[in-house]
1. Does the stretch A:350-373 hold any residues that are open to solvent by less than 10 Å² (accessible area, probe 1.4 Å) and among the hydroxyl-bearing types (S, T, Y), and which are they?
2. For the stretch B:347-362, which positions are more than 13 Å from the ligand (Cβ to nearest atom) and either among the polar types (S, T, N, Q) or open to solvent by 60 Å² or more (accessible area, probe 1.4 Å) (or both)?
3. Any residue that is of a type outside the set (F, W, Y), in contact with a His (Cβ under 8 Å, 6 or more places away or on another chain), crowded, with 24+ Cβ neighbours inside 10 Å and touching a residue at least 40 places away in the same chain (Cβ under 8 Å) - is there at least one of those in the stretch A:284-305?
4. Taking only the stretch A:258-270 into account, find how many residues are within 8 Å of chain B (Cβ to nearest Cβ) and surrounded by 17 or more Cβ atoms within 10 Å (Cβ to Cβ).
5. Quick one: count up the residues across the stretch B:202-222 that are open to solvent by 40 Å² or more (accessible area, probe 1.4 Å) and within 16 Å of the ligand (Cβ to nearest atom).
6. Run down B:S326, B:S337, B:S342 and say which single residue is in contact (Cβ under 8 Å) with a residue 24 or more places away in the chain and either away from every other protein chain (no Cβ under 14 Å) or not acidic (D, E) (or both).
7. Determine if the stretch B:363-379 includes at least one residue that is open to solvent by 20 Å² or more (accessible area, probe 1.4 Å), at the interface with chain A (Cβ under 10 Å from one of its Cβ atoms) and touching a strand residue (DSSP E or B) at 6+ places or on another chain (Cβ under 8 Å).
8. Search the stretch B:245-262 for residues being of a type in the set (S, T, N, Q) and open to solvent by less than 50 Å² (accessible area, probe 1.4 Å), and hand back the single one that is nearest to the other protein chains (Cβ to nearest Cβ).
Amino acid sequence: MSSPNLLYGEVEQELRDSVRSLLRDRCDWTAVLARCESEHPYDRQLWSTLATDLGVTGLLVPEELGGAGAGPRELAVLAEELGSSVAPVPLLGSAVMATSALLACSEASVASEAVTTLATGSAVGTVAVPLTTAPDDPFPESVRAQDATLSGTVPTVVDLEVADKAVVPAIGEDGPGLYLLDSSAPGVTRTPITPLDLTRRIGTLELDRVPAPRVATGPRAERALHHALTTAAGVLASEQVGLAQHCLDSTVDYVRTRYQFGRAVGSFQAVKHRLADLWAGISTARAVARDAADALTGSSEEAGISVAVAQSYCCDLVVLAAEEHLQLHGGIGMTWEHPAHLYLGRAKSSQLTLGTAERHRNTIATLGALPAP
Amino acid sequence: MVDADELRTRVRRFLSEHDPAGTDRLDFLRARFDAGLAWVHYPVGLGGIDAPRALQTVVDEEFAATGAPDNDPLTNTIGLGMAAPTILGHGTEEQRRRFLRPLWTGEETWCQLFSEPGAGSDLAALSTRAVREGDEWVLDGQKVWTSLAHTARWAILVARTAPGAPKHKGLTYFLCDMTDPGVEVRPLRQITGEAEFNEVFLSGARIPDSQRLGEVGQGWRIAMDTLMNERVAIGGGNTAREQGMIGIVSETWRQRPELRTPGLHERLLRLWVESEAARVTSERLRQQLVAGQPGPEGSAAKLAFARLNQLISGFELELLSQQGLSYDDWSLRRPDSTELTSRSPGYRYLRAKGNSIEGGTSEILRNIIAERVLGLPAEPRTDKDVPWKELPR
Ligand SMILES: Cc1cc2nc3c(=O)[nH]c(=O)nc-3n(C[C@H](O)[C@H](O)[C@H](O)COP(=O)(O)OP(=O)(O)OC[C@H]3O[C@@H](n4cnc5c(N)ncnc54)[C@H](O)[C@@H]3O)c2cc1C
């Protein structure tokens, strides 16, 4: 086994720089806060600028399908930056989950055509599973396929309200299949759920005999869904690293300038030690997140274990970072007009997203031959 | 620059000229040093060939594969990890030539005479005096917690040469001959029953000025370099998954289903994840070094290593249940190496407690990270500009 490349390459750094400078102009936290209570909680314009000016909405997609022909490593860098700004864009549903699922079904021409629309940003997609679904969960059974139509209900579907298309796992007469749903079709009801995370939305999808083409069936459908969820869990680890790093940086800035007892509060050892531990945790989180992103470019077995390690580490670490961020800001951190709650909501929700740490540890128990009693 | 293939070729050429089976062990090691294949990142003539440090593993693996003798590194961790880089960095050409070769071959092992009863974390407060007499320095004082002083031939030592100066400014660094009649080593028994460390009494010990390292008064700066190297040496290491402590308990888990409980399973998996994460973090650090972008992450490695060793060794006793109540041997042994995994689980549990104290306590490391990496304000220093001799103690 050759060593994974755990560093950032030059192209990845350039990608980071260009995304970061766009976000600096277009996505400061006051804008994010203002938007999250408005009629349009997603920043569709930012998403289309990311698509057309930077071409980063289709990083996973090969060039012949209209994408950037990059891969999970680059996508992970994008996720770090978007996480760092808690950008309200459909990264996870569209550029990660739906795109990976459809790519795994791309011999179906409707799937590859749909991938192109997601890559170019002309459409937004999602995968119709509860957002808490872990990669190893059994194939979902809440939607039934009968006579080429879908019926059923799926709660907590990510990015649902802006999704034009949804990849729907459903059980048909001949077993599991993936279907490509047009969300404007008759019989589709999308109901937003008031989210804990104001910057990434969820909703309930109800389907009443909605016609939708099947893009994969049987084991292929199961593999495609597993692949999409594994990729998403791996990329999510990088988003969590970006978010945690932001929390640390802004806390360090704050405690250096906030004076109490005639000293910067950052000079108190109780504060210094907590931040030193957080920094060490983030260094580790970055290493495992890079490992997962790199592993996603290779064999699925190595990816399985690397992603499980990364998620079980990063999903708790990001919550620690967001909670320390709040606590060390004192009362100001509890106010609505401060971004701490945006980060906390994203961090805490992301901890439950795509499997908790415990679920990922169970995966490790299986893959690492450490059986339960 | 030399790459991995080039190094492999050199090792093979060396082995074809020096059959490890037919050569005396020391002759073999000396020849390896002279061929620049000892520590490849050292300069030519001093055991290396100026290769990237990260390529050392390539060389070690090549030698190990042929069953060639090694320099028994665990008996000389302080020499290899701390004394050598400090001598290389601050020694005169003569000192480097005199000391580095026998140090690397293990002919001469080293210990570290830094800590004193009154100066541990606050090393700069130490009070062992060194007074110049002609070409010599005369030392009086007491050192403590000195690991392997009973086997060491040489010591790195810091002593006070200017008591009237503020504490950081009056120190000088020496290389001390442990066979000098003024040096007395007494075993100091530790919680494991053995005496790995010692008290060392210096009563009129004599050190020639030629064994002073660096300038008079520069001792603090050089000692800081030594300690940085110590932390890198302690934190680094393991490259394969499930090496070290976590591998031991994972194997026990697999072999002994009757010990398993749900609560222990949960904890084992948490420790497994943390160990794997720490391993990947060290690997990332190594890659940063190879790519010429050394990061500050090294200071975190020792923190993680200490914490994990303690948690896993504590877990191991609980896992072993009744067996966890027993201990292998309380007799006052005098070990000649420090290796956590060599003895029983009870020993590991006790010995791991030292990991967050030796080489800088975990609290001190957190101060260092907060100040040097995060740029937070330094601890208040009431003693910084006060002459050492006027400090309360
Ligand atoms: C197994 C072992 C082997 C050792 N081997 C060697 C050796 O070979 N050579 C050698 O020179 N030394 C050796 N040491 C000594 C070691 O370096 C010291 O024990 C260590 O630096 C701590 O010093 P101290 O024991 O005086 O504790 P103290 O410095 O008195 O510390 C007591 C407690 O106070 C905390 N503390 C101190 N200062 C601060 C601060 N500024 N902020 C927050 N907390 C603080 C410490 O973290 C610790 O918890 C060894 C120690 C052990 C346990």
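The values are calculated or read from the model by the stated rules, or taken from the named source; none is laboratory data. Note that the structure is a prediction, hence the values are computed from the model and not measured. Because the Cβ atoms are built from the backbone with ideal geometry, glycine has one as well, and the counts that use them run over all protein chains shown. Calculation scope for accessible area: heavy atoms of the full protein, side chains included, ligands and nucleic acids excluded. Shrake-Rupley method; radii C 1.70, N 1.55, O 1.52, S 1.80 Å.
1. Scanning the stretch A:350-373 gives A:S350, A:T353.
2. B:Y349, the sole residue that qualifies.
3. For the stretch A:284-305, residues of a type outside the set (F, W, Y), in contact with a His (Cβ under 8 Å, 6 or more places away or on another chain), crowded, with 24+ Cβ neighbours inside 10 Å and touching a residue at least 40 places away in the same chain (Cβ under 8 Å): absent.
4. 3
5. 1
6. B:S337
7. yes
8. B:S250
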